[in-house]
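Q: Please find one structure pasted underneath; my questions will follow.
The values are calculated or read from the model by the stated rules, or taken from the named source; none is laboratory data. Just so it is clear, the structure is predicted and the values come from calculations on it, not from any experiment. Ideal geometry is used to build each Cβ from the backbone, glycine not excepted, and the neighbour counts take in all protein chains shown.
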Amino acid sequence: MRLDVITIFPEYLEPLNVSLVGKARARGQLDVRVHDLREWTHDRHNTVDDTPYGGGPGMVMKPEPWGEALDAVLDSGTERDGAGPALVVPTPSGRPFTQALAMELSERPWLVFAPARYEGIDRRVIDEYGQRLDVYEVSIGDYVLAGGEAAVLVITEAVARLLPGVLGNAESHRDDSFAPGAMADLLEGPVYTKPPEWRGRTIPDVLVSGHHGKIARWRRDEAFRRTASNRPDLIERCDPASFDKGDRAI
Ligand code: ADE
């Protein structure tokens with residue numbers, strides 16, 4: 001998969017060199033290219049923003065540098081087959097970023113990220129590229145960040161770990177919270193490892209019982225309990241038919 005990020009803070013994307021994403025790059029599974037938006041400005045001050053039409057606080061990112069940058073980046077690629085490039089614009093006004101959306105994005109051969117600072121990018125940019133590409137305006141949560149770069153890091157990590165061969169154990173994301181499957185719509189329950197006793201705290205006996213059926217039941221109960229406590233909204237929107245008798249007893 002190819003990822004391009006156009007930003008006024010290229011150094012903000014340095015974490016893409018470490019850990020899971022960094023390793024995926026080193027292995028050639030991910031081709032990440034970070035670009036400085038100011039390279040596509042032509043004035044002495046490398047201006048990327050201006051005051052909003054209609055007044056109001058803050059500044060708006062100018063369309064010209066974004067247009068030139070996106071044209072240059074999109075023209076540099078041949079990954080136009082199949083689904084082609086998709087433009088991802090992080091914004092608090094976007095659609096919520098979910099595991100389902102991470103999976104959808106992980107199927108694309110090429111993602112181009114346009115993280116904004118200030119009050120956002122002139123709307124005409126999104127409208128212009130929306131005519132040629134799939135544009136995803138995405139929010140990573142109901143809060144306002146100073147810019148979209150942190151959202152790019154979040155989205156990239158969630159997408160990269162879904163790419164074939166990126167996670168060591170292909171089963172690792174099968175039981176993730178929000179993964180489709182038997183525990184769909186339930187959060188993952190607690191996990192334990194050695195030693196069997198730590199600071200006087202032991203582990204649940206069932207986990208060393210060797211009884212796979214009982215372990216599965218316990219995991220489901222714990223997942224249900226945690227979901228009911230931390231995310232009652234997930235239980236409420238669940239299809240009641242997806243619960244079994246054991247769930248309802250909790
Ligand atoms: N930019 C600022 N806030 C954001 C958010 N919550 N999600 C995505 N991009 C953002």
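Q: Can you tell me which residues in the stretch 122-149 are within 16 Å of Leu37 (Cα to Cα), assigned to a loop (DSSP other than H, G, I, E, B) and more than 10 Å from the ligand (Cβ to nearest atom)?
A: Listed by number, the list holds a single entry, Asp122.
Q: Scan the stretch 100-121 for residues that are within 16 Å of the ligand (Cβ to nearest atom) and not in a strand (DSSP E or B) and jot them down.
A: Of everything in the stretch 100-121, those that are within 16 Å of the ligand (Cβ to nearest atom) and not in a strand (DSSP E or B) turn out to be Leu101, Ala102, Leu105, Ala114, Pro115, Ala116, Tyr118, Glu119, Gly120.
Q: Is it the case that some residue within the stretch 2-18 is assigned by TED's automatic domain parsing to the domain that holds Ile155, more than 25 Å from Val144 (Cα to Cα) and not charged (D, E, K, R)?
A: yes
Q: I'd like the residue in the stretch 92-124 that is acidic (Asp, Glu) and modelled with pLDDT of 95 or more and, out of all such residues, is surrounded by the most Cβ atoms within 10 Å (Cβ to Cβ).
A: Among them, the one singled out is Asp122.
Q: Report yes if Asp127 is acidic (Asp, Glu) and either surrounded by fewer than 16 Cβ atoms within 10 Å (Cβ to Cβ) or not assigned by TED's automatic domain parsing to the domain that holds His35 (or both), otherwise no.
A: In short, yes.
Q: Among the residues of the stretch 155-163, is any within 13 Å of the ligand (Cβ to nearest atom), out of contact with any Pro (no Cβ under 7 Å at 6 or more places or on another chain), hydroxyl-bearing (Ser, Thr, Tyr) and at pLDDT below 95?
A: Checking the stretch 155-163: not a single residue is within 13 Å of the ligand (Cβ to nearest atom), out of contact with any Pro (no Cβ under 7 Å at 6 or more places or on another chain), hydroxyl-bearing (Ser, Thr, Tyr) and at pLDDT below 95.
Q: Where the second residue is near the ligand (Cβ under 9 Å from one of its atoms) and of a type in the set (S, T, N, Q) and the first is assigned by TED's automatic domain parsing to the domain that holds Pro92 and lies in the stretch 132-146, which pairs have Cβ atoms under 7 Å and are six or more apart or on separate chains?
A: Hits for this filter: Glu137/Thr91; Glu137/Ser93; Ser139/Thr91; Ser139/Ser93.
Q: Of all residues in the stretch 179-228, count the ones that are touching a Phe, Trp or Tyr at 6+ places or on another chain (Cβ under 8 Å) and polar (S, T, N, Q).
A: 0
Q: Any residue in the stretch 193-205 that's in the same structural domain as Arg219 (by TED's automatic domain parsing): show its pairings with residues that are assigned to a strand (DSSP E or B) at Cβ separation under 7 Å, as long as the two are six or more apart or on different chains.
A: Pro196/Thr202
Q: Still on this model: So Val73 clears everything in (1) in a helix (DSSP H, G or I); (2) touching a residue at least 24 places away in the same chain (Cβ under 8 Å); (3) farther than 21 Å from Lys62 by Cα except one condition, right? Which one?
A: For Val73, the exception is condition (3).
Q: Does Gly189 meet the test of being in contact with an Asp or Glu (Cβ under 6 Å, 6 or more places away or on another chain) and either at pLDDT 95 or above or loosely packed, with under 11 Cβ neighbours inside 10 Å (or both)?
A: When the stated conditions are applied, Gly189 passes them.
Q: Can you tell me which residues in the stretch 86-99 are in a loop (DSSP other than H, G, I, E, B) and either among the acidic types (Asp, Glu) or in contact with an Asp or Glu (Cβ under 6 Å, 6 or more places away or on another chain) (or both)? Before the answer, list the steps.
A: Within the stretch 86-99, the first condition is being in a loop (DSSP other than H, G, I, E, B), and the residues that meet it are 97-98.
Passing the criteria: none in range.
Q: Here's something else I'd like to know. Could you grab me the full set of residues in the stretch 1-38 that are exposed (fewer than 13 other Cβ atoms within 10 Å of the Cβ) and farther than 23 Å from Arg108 by Cβ?
A: Those that are exposed (fewer than 13 other Cβ atoms within 10 Å of the Cβ) and farther than 23 Å from Arg108 by Cβ: Glu11, Glu14, Val18.
Here's the yes/no breakdown for (1) charged (D, E, K, R); (2) farther than 17 Å from Thr7 by Cβ:
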site	(1), (2)
Ala69	no, no
Leu74	no, no
Gly77	no, yes
Glu107	yes, yes
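Q: So, one more: Gly77 versus (1) farther than 20 Å from Asp134 by Cβ; (2) at pLDDT below 95: which is the lone unmet condition?
A: Result: Gly77 passes all but (1).
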